[in-house]
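Below is one structure, written out as structure tokens; the observations come after it.
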Amino acid sequence: MKYAWPWELSRSGVLNMNRRNISYIGRYNQRKFYKRVDDKLITKQLALANGIAVPDLIGVVHQQHKIQEIPAMVLDRSGFVIKPAKGSGGKGIMVITRVSNGCYYKPNGHEVTQNEIYRHVSNILSGLFSLGGKPDVAIVEGLIEFDPVFEGLSYEGVPDIRLIVFKGFPVMGMLRLSTAASDGKANLHQGAVGVGLDIATGNSLHAVQFDVPVDKHPDTHFPLSNIVVPHWETLLHTASSAYEMCELGYLGTDMVLDKNKGPLLLELNARPGLTIQIANGRGILPRLKHVEAMNSSAMSVEERVAYAKKHFCSNPIF
């Protein structure tokens with residue numbers, strides 16, 4: 001494995017954690033707005049109020065004695081997702097892809113009993129998965145219908161699209177693909193594949209797993225060099241409009257493609273990770289500095305997206 005000195009990374013435009021926290025998160029994200037992204041229920045409500053599509057909300061469990069109402073909530077559903085409102089890093093998310101005769105099944109085919117679901121939701125309410133371990137609520141959502149355009153690109157999970165948005169400009173993006181190593185979750189630290197995307201086109205640029213370049217998915221062996229993410233323009237507009245919605249200057253937007261509903265906003269992140277730079281094979285810092293040097297306060301979502309496509313693509317025009 002090749003290592004680089006910190007000053008070499010800085011010269012290459014790589015943003016490190018300290019600089020991200022001080023110069024971008026600390027400077028551009030006001031603490032009073034954090035709850036808009038740290039609480040997924042509030043995020044969902046804000047998105048709906050702003051005309052942004054999100055997965056169906058089946059119900060919310062606020063108290064322990066309401067846990068036994070879940071089977072009735074999902075009675076007519078072929079699948080569903082249970083997640084903590086204040087969870088992070090994909091922790092505490094239970095995905096049920098099949099319901100049959102009162103039995104529930106995970107993407108890998110393993111059965112989950114009703115009591116296991118009750119216990120999982122009880123853990124969510126007690127704060128086991130929440131930021132700071134504070135008491136939480138459990139969100140029950142409709143299952144995302146996998147878009148067949150991504151067939152073969154992911155293992156036991158739905159691919160998602162992460163876009164970093166700075167002052168309303170989508171500056172860098174990646175496609176996250178679950179693997180056997182990541183247990184079907186699109187989490188790069190757990191072994192998911194990250195595919196860097198051209199901001200102008202949604203085309204794949206570079207792919208990594210565990211920070212090492214790869215050219216095929218490790219489980220499906222699908223080639224990763226010629227991926228084109230559909231609905232790219234809508235994804236960029238959704239990400240850009242999240243800036244006005246949550247009023248955070250530096251954020252990550254996570255979206256998925258549903259085969260019936262198109263792009264859906266999953267969640268927002270006030271502290272997006274830095275591995276997106278590795279997936280893209282380039283640093284994000286020059287793009288952030290470019291935006292900082294602009295007077296962009298009067299620009300619309302459409303203007304910001306058009307500007308980003310022109311200046312932050314794989315072959316920028318300056």
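Within the listed set Ala308, Ala242, Ala72, the Gaussian network model of the chain (springs between alpha-carbon atoms below 10 Å) gives the highest mean-square fluctuation for Ala72.
Cross-link partners of Lys66 among aspartates and glutamates, defined as those whose alpha carbon lies under 14 angstrom from its own and excluding same-chain residues fewer than eight positions apart: Asp136. For the chain, a Gaussian network of Cα nodes joined below 10 Å ranks Lys44, Lys66, Lys185 by mean-square fluctuation, and the top entry is Lys66. For the stretch 101-232, averaging the sequence separation of C-alpha pairs within contact (under 8 Å, six or more residues apart) and dividing by the residue count gives a relative contact order of 14 percent. The phi-based Karplus calculation (6.51 cos²θ - 1.76 cosθ + 1.60; θ = phi - 60°) puts the 3J(HN,Hα) values of the stretch 271-283 at 9, x, x, 9, 5, 4, 5, 5, 4, 8, x, 7, x Hz, whole numbers, x for Gly and Pro. If R0 is taken as 41 Å, the Cβ-Cβ distance between Gln30 and Val214 corresponds to a FRET efficiency of 0.60. Put simply, the amide H of Val137, placed in the peptide plane, has neighbours under 5 Å in Ala85, Lys86, leaving out anything fewer than 5 places away on its chain. Counted by Cβ distance under 15 Å from Gly184, the other residues give a net charge of +2, where Lys and Arg count +1 and Asp and Glu count -1. Measuring r between the beta carbons of Glu145 and Ala180 and using R0 = 22 Å, the FRET efficiency lands at 0.45.
In the stretch 193-318, Cα pairs under 8 Å separated by at least six residues give a relative contact order of 28 percent.
Our analysis of the stretch 182-288 gives Rg over Rh at 0.95, with the two radii drawn from alpha carbon positions and Rh computed by the Kirkwood formula.
With a threshold of 19 Å on the Cα-Cα distance, the over-threshold entries among Lys167/Lys310; Lys35/Lys83; Lys44/Lys185; Lys289/Lys310 are Lys44/Lys185. Amide H contacts under 5 Å for Asp258: Leu264, restricted to partners 5 or more places along the chain or on a different chain, H placed in the peptide plane at 1.01 Å from N. Remark: the stretch 159-318 carries a charge dipole of roughly 240 debye about the Cα centre, counting +1 on each Lys and Arg Cβ and -1 on each Asp and Glu Cβ. Semi-axes of the equivalent ellipsoid of the chain are 33, 22, 18 Å, computed as sqrt(5λ) over the eigenvalues of the C-alpha gyration tensor in descending order.
Pull out a ≥ b ≥ c, the square roots of the eigenvalues of the alpha-carbon gyration tensor of the stretch 32-188, then state rounded if a/c is under 1.5, prolate if not and a/b is larger than b/c, and oblate in the remaining case. Cα axes put the stretch 32-188 in the oblate bin.
Readers should treat all values here as calculations from the given coordinates under stated rules, not as data from a laboratory. The structure displayed is predicted, hence computed values, not measured ones. Note that we place each Cβ from the backbone using ideal geometry, even for glycine, and neighbour counts take in every protein chain shown.
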